[in-house]
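Quick notes on the structure that follows.
Just so it is clear, none of the values below were taken in a lab; they were calculated from the coordinates. Only a predicted model underlies this, so the values are computations on that prediction, with no experimental measurement involved. When we count neighbours, we look across all protein chains shown, and the Cβ atoms used for this are built from the backbone with ideal geometry, even at glycine.
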Amino acid sequence: MPELRPNSRYNRDTRIITSQFSIGVDLLSVIVETVPNGCVDYDVVTLMDQFEGAIRNVPGVQSVISLPSMAKLVNAGYSEGSLKWRILPRNPSALAQAVSPIETATGLLNSDASVMPILIFLTDHKAETLRAVTDAVKAFAAAHPSPKARFLLASGNAGVMAATNEVVAAPSCPSCSGCSARSSRSA
């Protein structure tokens, strides 16, 4: 495969994109499954914002985009761009105003705001990076249980790679069709 060569067009383009811009080409999306209209539920968006802050500090994470981060920018924009207003409003009406310009076409929420992905751009797709990020997602989800929001792994090209790595690393079970234990039982 030409893409696997260090000087392939894909790899050269990737190096330029990641060196010139604050975005990567390795995307891992964490899906936040929540209640309908979760985008205007302060508890839900605050939890997503806390997750974003935590995941930004994981080595290998280049940048993160989510509905709460965009809503904070919109909210500040309504106040002449003042940084002190780059917050998530507690008032449901003000929060609704901050999220209203964010359309479903952005990919940051579905039509009833019951699913909101958090887009995590990675510096690379090395196994160590994928493991560190997925472990951090699992740890955050375990440490912050919520009846209103579930953090689910993952989509995006890096999400698929992470899942593949986990399956390959998992030990074989006695009940799977490929195990020697199953074939010896059927004989």
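Could you list the trypsin sites (Lys or Arg not before Pro) in segment 2-94 that lie in coil according to DSSP, counting only those with at most 14 other Cβ atoms within 10 Å of their Cβ?
Those satisfying the criteria are Arg90.
Considering Cα pairs under 8 angstrom that are at least six residues apart, work out the relative contact order of the chain and quote it in whole percent.
30
What full-extension length gain, to one decimal in nm, is calculated for Val35 and Asn57 as 0.36 nm per residue of separation minus the Cα-Cα distance?
So the chain would gain 5.2 nm between Val35 and Asn57.
Label the chain by shape, choosing from rounded, prolate and oblate, from the square roots a ≥ b ≥ c of the eigenvalues of the Cα gyration tensor; if a/c is under 1.5 it is rounded, and otherwise prolate applies when a/b is larger than b/c, oblate when it is not. Intermediate values should be presented prior to the final figure.
Working: a/c = 2.67, a/b = 1.49, b/c = 1.79.
Because a/c hits 1.5 or more and a/b fails to exceed b/c, the chain counts as oblate.
Would you mind calculating the gained length between Arg150 and Tyr78 on full extension (0.36 nm times residue separation, minus the Cα-Cα distance), in nm to one decimal?
Gain on extension, Arg150 to Tyr78, equals 22.9 nm.
Using alpha carbons only, how many angstrom separate the centre of segment 76-115 from the centre of segment 12-68?
15
Net charge near Ala141: determine it from the other residues with C-beta under 14 Å of the C-beta of Ala141, scoring Lys and Arg +1 and Asp and Glu -1.
0
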